[in-house]
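Worksheet: one structure, shown below.
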């Protein structure tokens, strides 16, 4: 990661992970989390995938074209009822904000998230940028 902000810092809150290509059913495999969890279509313009699930705090990756023409990975907090029903979702927050939120509650999970993004970057799937 070649950024002036360190993960966990206030400056990292605005960092965004930019995808090199739009998400389609043809490239989902390269976004797999924990080897077999793949993004699922929310609608024609966005995909979602669990990033961190716990009692009372659930965060999903949101893959969408939400920064001009760029596809990004952001996060949204979700409410899950009856084990698997998503009943509400917050507005998305930058990648860094979601990462820092997980880092505050579960350091091990935040290390896994960082490794996921670094693997994507290493595979040429995306890159980090400072947000505004």
If one builds a Gaussian network model of the chain from Cα atoms under 10 Å apart, the most fluctuating residue listed among 51, 115, 103 is 115
Evaluate the Debye formula for the chain with equal point scatterers sitting on the alpha carbons, no solvent, and hand back log10 of I(q)/I(0) at q = 0.10, 0.11, 0.15, 0.22 Å⁻¹, in q order, two decimals. -0.28, -0.35, -0.67, -1.55
If you average 1/r over every pair of different alpha-carbon atoms in region 15-76 and take one over that average, what Kirkwood value in Å do you get? 12.0
Assertion target for 16, 86, ordered by fewest C-beta neighbours within 10 angstrom first, is 86, 16
Per principal axis, largest first, the Cα atoms of region 41-84 extend in Å by 36, 17, 11
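So if each residue of separation counts as 0.36 nm, and I subtract the Cα-Cα distance between residue 55 and residue 24, what length gain in nm does that give? Display every interim value, and only then the final one.
On the way: separation 31, 0.36 × 31 = 11.16 nm, distance 3.10 nm.
Extending this stretch completely gives an extra 8.1 nm.
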Could you check the spin-label model distance between residue 90 and residue 44? Points 7 Å from the Cα along Cα→Cβ, value in nm. 3.0
Reduced to Cα centres, the span from region 70-132 to region 8-56 in Å works out to 7
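A short reminder: the numbers here are calculations on the coordinates, not readings from a lab. This is a predicted model, so every value here is computed, not measured. Because the Cβ atoms are built from the backbone with ideal geometry, glycine has one as well, and the counts that use them run over all protein chains shown.
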